[in-house]
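Scroll down for the structure; my scribbles are underneath it.
Bear in mind that the values in this text are calculations on the coordinates, not laboratory data. Quick caveat, the model's predicted, so the values are computed rather than measured. Note that each Cβ is placed from the backbone with ideal geometry, even for glycine, and that neighbours are counted across all protein chains shown.
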Amino acid sequence: MLYKEKLKDTPKEVLNWRLWYGVFVFGLMGAARGIDEGLIGTSSELEPFRKRFGLDEGTEDEQANRLGNITAMVQMGSILGALVGFYLTDKLGRLWATRQLCIVWAVGIAIFMGGAPTGSIGMVYAGRFIAGIGIGQTTVVAPTYLAETAPRAIRGLCVCMFAGAVYLGIMLAYFASWGSSKNIAPSQTQWLVPTSMHIMFSGIIFITSFLALESPRWLIKVGKHERAAATLCKLRKLPLEHPYVQTEIIDINDQLNREREATRGASWLGYAKELLFSSANRYRLMLSIMSQLLSQWSGASSITIYAPEYFAMMGTSGQNEKLFATAIFGVVKFISALLCAFFLIDFIGRKRALSIGIFLQFISMLYMAIFLQIDQNVGEEDAPQSPSQKRAATGAIVMIYFSGFGWALGWNSIQYLINSEIYPLRLRALGGSIAMTFHFVNQYGNSKAVPKMFLDMGYAGTMFFFSVITLIGLVWVYFCLPELAGKSLESIDAIFELPWYMIGRKYTLVEGQGGLSEMYDKHTEKESALYYKG
């Protein structure tokens, strides 16, 4: 019933196997990040891994630095991957960009695993950095492709499949580490077997990409109009003369022609200037940067990477117990991401879903911070606990799961979706690349900083810090984030032509006779095409 009303203007032929196959292939790329985040935190809890790479040697500061370096090296590589991702995505196309990143990803992991026999920390750093170059590109290529090929009525669902696959990867990684710790005798095989999931997934995506269709929007952008029309007909399973197909082609061409006229003869430097010197594009850039900054420092990413340590600080003891609790955490996040994608993001709107998710995350972080401040001995072995302390500790563990639900509902879905929607076609890959560069810069800083924050600020102080950032994010969403649910990619331009102080308020385009992609030259004309819902 939910989808019947949403899809009333969408021909039933559009929801065909070719659309869902593309969503599967490109959505699955989200698992690249998830597998790494899930594996590196749990692998570092395994005794063979810790001994081989000296994670228990030296002072506490040296141990924290070494763990931070190993963990964050993928983020370092991902920064470079996100930077080159826009060029390769536009130069090679969405399909060939996917294939080359799969090769880079697999080669890097092979080098990382090759460090096991000798304990070469250099091979660990180099391999994880190279793998990061491939993984970083997935966050540019996949959301761009999904946003460009999805019907507008379910664009949120399609792009959120990428976010959902992040947690598919995390869940599988957590269970793989837990299973290997229980069933494989302590040896390097304990972490090498789960790590091989990287190579399996990169191979699956590489092979299945050969049956996927290229993005019609990219084909039009590079001048392959006949191929673009034929591809769009296959993708929508409709004839070329069908009004749905014709409208989509006209909208894409109109937007691209306007962009080309505005930037005729511009080089890549010209595109960068266009991003910086256009007030509409500066607002888009602000949304990209702030969404990454606020999401990455809300604490959820650190819980995903260092989940076993978080469960330990809340009173969970024993390696198997911590890894099992972590595995269940992965299940909670995966199910939450799917619920958000299928039932929320396109129905209650991006802004409302994000606000609810951030609020749940804030309550969870604040509870954990207060609990850790009051019961400072909870993580110590054999520390006596009263019945009320045990109940409070159980509540703190539940709050870890609760924060995962809030993150999956809020920031995790929006940080990919919003950046794939807000930019015009000419700047989409560049804008997405900049957004994901900030994503990995902040994730790198987060993964490097959190072990030191635990030492310098204490567990409670760290959680209070995350609570404050989460609250700031909630305020920012209320005032700055526009609602884009149900709009075509081409129609979104009109929203950013409004005065900056109106963009984040609850306005919605009214579809008039001029069409969704109509541009307005005066503020009065812009505002006449909108109505206030708040």
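You can think of it this way: the chain between Ile374 and Val193 has 61.1 nm of extra reach, that is 0.36 nm per residue less the Cα-Cα gap. Restricting the GluC sites (Glu not before Pro) of segment 33-71 to loop positions (DSSP other than H, G, I, E, B) with no more than 16 neighbouring Cβ atoms within 10 Å leaves Glu57.
Sorted on the mean count of surrounding Cβ atoms within 10 Å across their residues, most packed first, peptides 240-247, 173-180 read 173-180, 240-247. Cα centroids of segment 202-227 and segment 107-168: 19 Å apart.
Placing pseudo-labels 7 Å out from each Cα toward the beta carbon at Tyr87 and Val475 gives an inter-label distance of 4.0 nm.
Per-peptide packing, taken as the mean over residues of other Cβ atoms within 10 Å, places 296-304, 146-154, 17-25, 195-203 in the sequence 296-304, 146-154, 195-203, 17-25 from highest down.
Given a Förster distance of 22 angstrom, what is the FRET efficiency for Glu241 paired with Trp17, based on the Cβ-Cβ distance and rounded to 0.05? It would help to have the intermediate numbers written out before the result.
Details: r = 23 Å, r/R0 = 1.03.
Working from the Cβ atoms, E equals 0.45.
Between Ile363 and Leu276, what is the label-to-label distance in nm when each label sits 7 Å out along the Cα-to-Cβ direction? With each label point 7 Å from Cα toward Cβ, the separation is 4.4 nm.
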